[in-house]
Amino acid sequence: MSLFLATLLPGLVLAALGAVLLANRPATVAALKTLPRSPTAAMFLFGGGAAWFLWQVWHLSAADFGEYHVLLTVAFAAVALLAFKCVPDFLAVRGLCVLMLLSATPLLGAAYMEYSRPQRLLLVTPVYLLIAASIWLGVQPYRLRDFFDWLFLRPGRARGLGGVLLAYGLVLAVVAFTY
């Protein structure tokens, strides 16, 4: 992935998320409040994260337990399927965390060793913050529910966060064209 694309795509995603939060529509509020325990969101988010992870395990090199990639893929697929049955609570949050962690690799890889472009730090810094947040929410997924409860308690909070995300997303989108 090029640094241009690695900066532009998160910028557009942040801008879209910011616009949604800035609009603060009742349907959006309801959808975000039900997201942490939603079985449908769990299917898409955790299922997508598990599929991406299993694809990476399947393509391991010989130096990274590649000789056992079939065994590892089957074992991790069984764990992912059992997660839907044994621990379905907050599975959507954990799936979102898995997707955030997996998407950090290509984003950080695109900015690796690009010291001549200091504006790359506008991408790298939030990616590292998302990594830390994903690890924290993966361990305590109920905190996302608590955050949404706090965020939507007053309409100004959601709009404020939406404005910040929209502005930062637009900054990232513009910075992508400076490489």
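What follows is calculated from the coordinates using simple rules that are stated; it is not laboratory data. Model, not experiment: these values are computed from the prediction. Cβ sites come from the backbone with ideal geometry, for glycine too, and all protein chains shown count toward neighbours.
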Next on the checklist: Pairs of alpha-carbon atoms within less than 8 angstrom and 6+ residues apart define the contacts here; what relative contact order does the chain have, in percent?
Outcome noted: 47 percent
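Averaging the inverse of every distinct alpha carbon separation and then flipping it gives the Kirkwood radius. What is it for the stretch 78-141, in angstrom units?
Details: mean 1/r = 0.0759 Å⁻¹.
It is 13.2 Å.
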Checklist outcome for this item: In nm, the gap between the two label points placed 7 Å beyond Cα toward Cβ at residue 135 and residue 5 is 2.8 nm
Checklist entry - Can you give the Rg and Dmax of the stretch 45-109 based on its C-alpha atoms, in angstrom? => result 12.6, 36
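Any chance you could tell me what percent of the C-alpha pair distances in the stretch 1-56 go past 17 Å? Please list the in-between numbers first.
Numbers: 938 of 1540 pairs.
Counting pairs separated by more than 17 Å, the tail of P(r) holds 61 percent.
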Checklist entry - Rg to Rh ratio, the chain, alpha-carbon atoms and Kirkwood radius? => result 1.01
Next on the checklist: With 10 angstrom as the radius, rank 100, 43 by how many other C-beta atoms surround their C-beta, starting from the fewest.
Outcome noted: 43, 100
Checklist entry - Could you state the number of Å between the C-alpha centres of the stretch 1-19 and the stretch 93-148? => result 13 Å
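Counting other beta carbons within 10 Å of each residue's own, what order do 65, 46 fall into, fewest first? Walk me through the numbers before you get to the answer.
Values: 65 12, 46 24.
If I rank by nearby Cβ atoms, fewest first, I get 65, 46.
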Checklist entry - Label points 7 Å out from Cα along the Cβ direction at residue 128 and residue 33: separation in nm? => result 3.7 nm
Checklist outcome for this item: In whole angstrom, largest first, the equivalent ellipsoid semi-axes that the Cα gyration tensor gives for the stretch 125-173 are 21, 19, 5
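Provide the FRET efficiency to the nearest 0.05 for the residue 55-residue 146 pair, computing r from the beta carbons and using R0 = 35 Å. Can you show the working numbers first?
On the way: r = 33 Å, r/R0 = 0.93.
Calculated value: 0.60.
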